[in-house]
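**Student:** Before anything else, here's the structure in question.
The values are calculated or read from the model by the stated rules, or taken from the named source; none is laboratory data. In this text, all values refer to a predicted model and were calculated from it rather than measured experimentally. Positions of Cβ are backbone-derived with ideal geometry, glycine not excepted, and every protein chain shown enters the neighbour counts. Keep in mind that these areas ignore ligands, DNA and RNA; they rest on the heavy atoms of the full protein, side chains included. Shrake-Rupley method; radii C 1.70, N 1.55, O 1.52, S 1.80 Å.
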Amino acid sequence: MCNNILVKNQDKNLIKSEESFINDIKAIINEGRKSAYGAVSAVMTETYWNIGKRIIEQEQEGKERAEYGKHLIDMLSEELTKEYGTGYSPRYLRQFRKFYIIFPDSEIWKSRFPNLTWTHYLKVLRVADITACRWYIETASKEMWSSRILDRNISTQYFERHFANPDLVSKSKETTAPQILKNPFVAEFLGFKTGDDFSESDLESAIISHLKDFLLEMGRGFAFVARQQHIHTEGEDYYIDLVFYNMILKCYVLIDLKTGKICHQDVGQMDMYVRMYDELKRTDGDNPTIGLVLCSETDAAIAKYSVLHNSDQLFAAKLMTCMPTEEQLRAEIEQQKEIFKLQQEADSVSAN
């Protein structure tokens, strides 16, 4: 009996050893494939950069005439496709050209963005604005975005959705809340469909269930702290829907969820939460707390005439739970920026 048990234990140990051995071999193969892909991608990226450089040099010989540039691209595409097959269409060749224009010094993208692949660059190069291109590349590298996440952020116009002028997002020496917070928030990943009827509790639960995606949508430096955080005062108990901490701003960010249009009471309630949090929870190393009301609809009058207009700690943003079309999102972004300008203009008037 003892011998049988010993043999069974030895068999189990042997099986575990073999499983570990197989897993080790798989890890070696996966790492090798990853390294090989990285090497191929690096060579590919440099090849395309060199093509872009040569196209620019040839165009300059033609005095950068528009008709010559088009002729050059079309002629080159035809010849390369004959010899090398697909991958050298006029559209791709223009992207190689644009890649060189964005980074005329190859050492910049080689040294600053070593974790990006040609797939990352290819997705960014479809963005028309050069400033936005550079921002997406820098942020994708810094935040370690996969090409899938980068693609989603470009599609949802992540750069354009910052409260502040996006041109200033990466230029200002001092980072402020409007340079990190976005408006509107696009949260199609929550699982709601157009026309769905859901409560604020349903919305909160969906956010918690998709917290990783929500953090990515919120942007740089956010960490989750609490859900329904209890604040006790001498006379009342309060519960804040969601609490985050932003490592860049070094402050707590409180979120109140509203499934309807924002009203004065919503802003007043958030103002009270922020004041309580500053007094009862904020520590010496923290900057003043920020309050954000996420609602289904913002309001210009609220932005201009409520306590939003004289506070740099309170913000309101529209939450879109379904993916809009590109045109709808662009129109919504412009509308939200106009509302934010009303808040900022009121601040300026108050300061004077």
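**Student:** Restricting attention to region 134-151, does a residue exist that is at pLDDT 90 or above, among the hydrophobic types (A, V, I, L, M, F, W, C) and more than 12 Å from the chain's Cα centre (by Cα)?
**Tutor:** The answer is no, given that none of the residues of region 134-151 is at pLDDT 90 or above, among the hydrophobic types (A, V, I, L, M, F, W, C) and more than 12 Å from the chain's Cα centre (by Cα).
**Student:** Here's another thing I want to ask about it. Could you list, in sequence order, all residues of region 176-196 that are within 19 Å of MET323 (Cβ to Cβ) and open to solvent by 40 Å² or more (accessible area, probe 1.4 Å)?
**Tutor:** Answer for region 176-196, where residues must be within 19 Å of MET323 (Cβ to Cβ) and open to solvent by 40 Å² or more (accessible area, probe 1.4 Å): GLU188, GLY191, LYS193, THR194, GLY195, ASP196.
**Student:** Counting residues that are closer than 23 Å to GLU326 by Cα, which helices (runs of 4 or more DSSP H) fully inside region 77-152 reach at least 3?
**Tutor:** 90-102, 118-124, 130-142
**Student:** Then there's this: Which condition number in (1) within 25 Å of the chain's Cα centre (by Cα); (2) modelled with pLDDT of 95 or more; (3) open to solvent by 20 Å² or more (accessible area, probe 1.4 Å) is the one that GLU334 fails?
**Tutor:** Tallying (1) within 25 Å of the chain's Cα centre (by Cα); (2) modelled with pLDDT of 95 or more; (3) open to solvent by 20 Å² or more (accessible area, probe 1.4 Å), GLU334 fails exactly one: (2).
**Student:** Still on this model: From the list LYS171, LYS193, which residue is in contact with a Cys (Cβ under 8 Å, 6 or more places away or on another chain) and at pLDDT below 95?
**Tutor:** On inspection, the qualifying residue turns out to be LYS193.
**Student:** Also, I was wondering about something else. Go through (1) in a strand (DSSP E or B); (2) touching a residue at least 12 places away in the same chain (Cβ under 8 Å); (3) of a type outside the set (Val, Ile, Thr) for TYR239 and report which single condition fails.
**Tutor:** (2)
**Student:** Would you confirm, using the coordinates I've provided, whether LEU308 is surrounded by 18 or more Cβ atoms within 10 Å (Cβ to Cβ) and either hydroxyl-bearing (Ser, Thr, Tyr) or at pLDDT 95 or above (or both)?
**Tutor:** no
**Student:** Take the conditions open to solvent by less than 30 Å² (accessible area, probe 1.4 Å) and either assigned to a helix (DSSP H, G or I) or at pLDDT 95 or above (or both) and apply them to VAL225. Does it pass?
**Tutor:** Judged against the criteria, VAL225 is not a match.
**Student:** Residues that are open to solvent by 20 Å² or more (accessible area, probe 1.4 Å) and assigned to a loop (DSSP other than H, G, I, E, B): does region 210-218 have at least one?
**Tutor:** yes
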